[in-house]
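A.B. asks: Dumping the structure here so I can ask a few things about it.
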Ligand SMILES: [Zn+2]
């Protein structure tokens, strides 16, 4: 049975659907990649790994505004006009974080406090089998109305090596989802296979993006709106990740984030951010993130919501229209 994928606006044969099938549906490790990740990468000194990555990144062609202009030009004929948000809102804003290591985990309260100051709630995707998970911080997240999601299994980059490995980990990931009352998932390094992910007990997945050529598996869904992927809702991130902004592209300001946010809002999309407390705690990154929050507050008529709220609303909306 092929995976049932449904986009808004028109039928399944629309531009976004075709684009997804060609680019962002799943990823496959080549034998070369598997060898590199299994044997070469673990023994490469970090400095050499960085140099290699920089060399790879320097050859990537990218749209400086992070907008897939080719696709969007085609999409102009699609009817966005009919698209209606909850309570007459014009776009939505969803803040998500992936927590990579203990130091990042311990920095959660600081970022959370900052977001609260600006009136935002966010989701925190934790790795269940990698670092020590402090129950006090989990309680803080949940008691203050934020959300927990699950970020892979142990973040070793091998979750999608083969369907066999993925299946072996499913039970453990589902246990973690249950333990933390989580309904959302994001794969480490945004590897993805929307078919395999159907085995997880989730309401939404957030391992896709609309446009991001700097990921190990680039592709991209092209969609700045959620879509239905089988039994769950897919929520692509739409602003480039903090790591891409600050380390790969060495940005000193947040103009890329601002421009993209404006454009997504104009098209009634979801401004979905993906940052890491691990990187926000370094240099002046928290200040730059605060600048982003400040900017997002200026966007008129935006719905601030948690990913689980957006997914629930989207499912209802979809059922209503179809
Ligand atoms: Zn991660």
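The values are calculated or read from the model by the stated rules, or taken from the named source; none is laboratory data. This structure is a prediction, so every number in the text was calculated from the model and none was measured. Neighbour counts run over all protein chains shown; Cβ positions are idealised from the backbone, glycine included.
A.B. asks: Might you let me know whether segment 68-79 holds any residue that is under 25 Å from residue 304 (Cβ atoms) and either modelled with pLDDT of 90 or more or loosely packed, with under 15 Cβ neighbours inside 10 Å (or both)?
C.D. replies: no
A.B. asks: Among the residues of segment 29-60, count how many are outside any helix (DSSP H, G or I), closer than 19 Å to residue 219 by Cβ and free of Cβ contacts under 8 Å to residues at least 12 places away in the same chain.
C.D. replies: Matching residues across segment 29-60 total 2.
A.B. asks: Restricting attention to segment 159-186, which residues are within 16 Å of the ligand (Cβ to nearest atom), closer than 15 Å to residue 128 by Cα and touching a helix residue (DSSP H, G or I) at 6+ places or on another chain (Cβ under 8 Å)?
C.D. replies: Correct list: 159, 182, 184, 185.
A.B. asks: In segment 93-112, what residues are surrounded by 21 or more Cβ atoms within 10 Å (Cβ to Cβ), more than 13 Å from residue 237 (Cβ to Cβ) and away from the ligand (no atom under 15 Å from the Cβ)?
C.D. replies: If the condition is that a residue be surrounded by 21 or more Cβ atoms within 10 Å (Cβ to Cβ), more than 13 Å from residue 237 (Cβ to Cβ) and away from the ligand (no atom under 15 Å from the Cβ), then 111, 112 are the ones that fit.
A.B. asks: Report those helices (runs of 4 or more DSSP H) wholly inside segment 210-322 carrying at least 2 residues which are without any contact (Cβ under 8 Å) to a residue 40 or more places away in the chain.
C.D. replies: In segment 210-322, the matching helices (runs of 4 or more DSSP H) lie at 255-266, 285-297, 307-321.
A.B. asks: Suppose the filter is away from the ligand (no atom under 14 Å from the Cβ) and surrounded by fewer than 13 Cβ atoms within 10 Å (Cβ to Cβ); does residue 134 pass it?
C.D. replies: So residue 134 fails the test.
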